[in-house]
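What follows is a short report on a single structure.
The values are calculated or read from the model by the stated rules, or taken from the named source; none is laboratory data. Only a predicted model underlies this, so the values are computations on that prediction, with no experimental measurement involved. Here the Cβ is made from the backbone with ideal geometry for all residues, glycine too, and neighbour counts use every protein chain on show.
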């Protein structure tokens, strides 16, 4: 089959049409939409207007996509500073939905949607699912969490609008998930990849072979995962596993998606404009080079984002994709440039670990977080240096100390974490500061 | 009558026990007793030496966490029932043994038992009243 044969394939859903726009059409659409977005934030969001003024980048000065680097960045800190509604560009009468993402110290980031934004979100989620081969007739088990988290409702409306049958089961209760998967003849599962690995293990314990079920597609996102994990999932279940990318600051899931070639994620560029920058200097990187992904929304109304720094490290793939889509691809996200850790889909910050240690020991010992992947599942170990104050000659006292720290960590971050007591001065210190996180997950 | 025992935290990994031992050997510190309490994750090296203050300084200078604990050493006949006779003296006293270890007397029929009690003074009183000889640190040199 040649390339034009592929684009004309009857398997493509009509919703996927914008995936195949000629580049020059796409780029003029992007240019026009960027102008509209800049005028919108300039006239409606004082915080953006101030930043743009300070950078001498008023809408008239940005004539095209090439001028984008002249605009100031938006960061997570800007979102926190404007908590809860400071960056909204629509009056509450037009806003029909709010979502929120988890924050470090209580304050979440609030995101808003107008009716138009929700249909935009639905359309990019339709295109995402269609890209993975989901269609009407599929039975979609949506095990992303429903609620403030964007994953559940995002996948829900996308699948429903595609004509698939949605089971809004949300996260948790693994035994029930497996029974539903088996009894309802589920063909598509949506969840975090680490949770699906848990499902695989539990199903095996229950004597159910996922390989023998009609399940054929997995839509996995909300956390970084590796090719090794994909191989493992596919080998154990016979399904095709797809990576989906999104973040609530931009819209939620549906920012980027893998096609059948699964070699990078197509960004829905007609709505979200990607740039790759050097996270240290903020300047652009050479084409194809790795850096931090920066996204500008081109059509969002309630909460447009101008050059939002995602903290996700990736690269734009310069070559066109053999699937025929003209949307550019980013490499799979392997790591983030800031300190937030995503462990089994849960956001964890070193500051939370510190809070738990302080609670138990009353002073902050030297510690290190070591992340590994055991049979595809994220493992978090906290190594804590023993101090003269905490050390005891009695084994039971030290075991009790480790147990108390484990309990405090579980209370603070909501995950069971292994605590290992280590000898003093064994945790490497660079320039007087300890290296807090050792992430060995990508080595697997 | 109380003996100063040093406890040193060790990670349960190859080589982590030999480090402090080598350090003390190089400094010419003579160890009277040595035992390792280990768990899956970590170990506690316990040692008795007349030079405990210098040993502590050396270990701490090398970065170890060291704790000084008072323990009791008693001498018993090295035959079945030797330990039972000692423990009998504590029956009904409410004194608990946190841990203990033993080592044989080099030249013959006697053994030394080292105890860590939750009530050291109470244990000394009980044992002494029961006719058990509690050893001084210097007496261990003969073993």
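Among the residues of the stretch A:162-175, those that are surrounded by fewer than 19 Cβ atoms within 10 Å (Cβ to Cβ) and assigned to a loop (DSSP other than H, G, I, E, B) comprise A:163, A:168, A:170, A:172, A:173. Would it be correct to say that residue B:71 is in contact with a helix residue (DSSP H, G or I) (Cβ under 7 Å, 6 or more places away or on another chain) and either surrounded by 15 or more Cβ atoms within 10 Å (Cβ to Cβ) or within 20 Å of residue B:133 (Cα to Cα) (or both)? So residue B:71 fails the test. Report, by residue number, each residue of the stretch B:9-49 that is closer than 25 Å to residue B:134 by Cβ and either in contact with a helix residue (DSSP H, G or I) (Cβ under 6 Å, 6 or more places away or on another chain) or without any contact (Cβ under 8 Å) to a residue 40 or more places away in the chain (or both). Hits for the stretch B:9-49 are B:29, B:30, B:31, B:32, B:34, B:36, B:37, B:44, B:45, B:49. For residue B:75, the requirement of being in contact (Cβ under 8 Å) with a residue 60 or more places away in the chain, within 12 Å of chain A (Cβ to nearest Cβ) and more than 30 Å from residue A:418 (Cα to Cα) is not met. Take the conditions (1) under 19 Å from residue A:350 (Cα atoms); (2) at pLDDT 90 or above; (3) within 11 Å of chain B (Cβ to nearest Cβ); residue A:426 misses just one of them, which is (2). Tallying residues that are assigned to a loop (DSSP other than H, G, I, E, B), over 16 Å from residue B:138 (Cβ atoms) and at pLDDT below 90 within the stretch B:1-52 yields 9.
Here's the yes/no breakdown for (1) closer than 30 Å to residue B:5 by Cβ; (2) outside any strand (DSSP E or B); (3) modelled with pLDDT of 90 or more; (4) within 14 Å of another protein chain (Cβ to nearest Cβ):
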{"residue": "A:357", "(1), (2), (3), (4)": "yes, yes, no, no"}
{"residue": "A:380", "(1), (2), (3), (4)": "no, no, yes, no"}
{"residue": "A:387", "(1), (2), (3), (4)": "yes, yes, no, yes"}
{"residue": "A:404", "(1), (2), (3), (4)": "yes, yes, yes, no"}
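Only a single item in (1) buried (at least 21 other Cβ atoms within 10 Å of the Cβ); (2) at pLDDT below 95; (3) not in a strand (DSSP E or B) is not met by residue A:304, and it is number (2). Just checking, which of A:151, A:147 is buried (at least 24 other Cβ atoms within 10 Å of the Cβ) and either in a loop (DSSP other than H, G, I, E, B) or in the same structural domain as residue A:215 (by TED's automatic domain parsing) (or both)? Exactly one residue qualifies, and that residue is A:151. Considered as a group, the residues in the stretch A:384-402 that are surrounded by fewer than 19 Cβ atoms within 10 Å (Cβ to Cβ) and touching a residue at least 12 places away in the same chain (Cβ under 8 Å) include one that is farthest from the chain's Cα centre (by Cα), and that residue is A:389. Among the residues of the stretch A:113-133, those identified as free of Cβ contacts under 8 Å to residues at least 40 places away in the same chain and out of contact with any strand residue (DSSP E or B) (no Cβ under 7 Å at 6 or more places or on another chain) are A:119, A:122. Here residue B:100 meets each of (1) at pLDDT 90 or above; (2) assigned by TED's automatic domain parsing to the domain that holds residue B:10 with one exception, condition (2).
Just one of (1) touching a helix residue (DSSP H, G or I) at 6+ places or on another chain (Cβ under 8 Å); (2) outside any strand (DSSP E or B); (3) within 13 Å of chain A (Cβ to nearest Cβ) trips up residue B:58, so point out which. Status for residue B:58: all satisfied but (3). Being surrounded by 24 or more Cβ atoms within 10 Å (Cβ to Cβ), assigned by TED's automatic domain parsing to the domain that holds residue A:18 and free of Cβ contacts under 8 Å to residues at least 60 places away in the same chain holds for only one residue in A:159, A:203, A:136, and it is A:159. Each residue in the stretch B:3-32 was checked for being away from chain A (no Cβ under 14 Å), surrounded by 15 or more Cβ atoms within 10 Å (Cβ to Cβ) and closer than 26 Å to residue B:124 by Cβ, and 2 of them qualify. Selection of the stretch A:359-378 for residues being surrounded by fewer than 16 Cβ atoms within 10 Å (Cβ to Cβ), farther than 17 Å from residue A:438 by Cα and modelled with pLDDT of 80 or more yields A:359, A:375.
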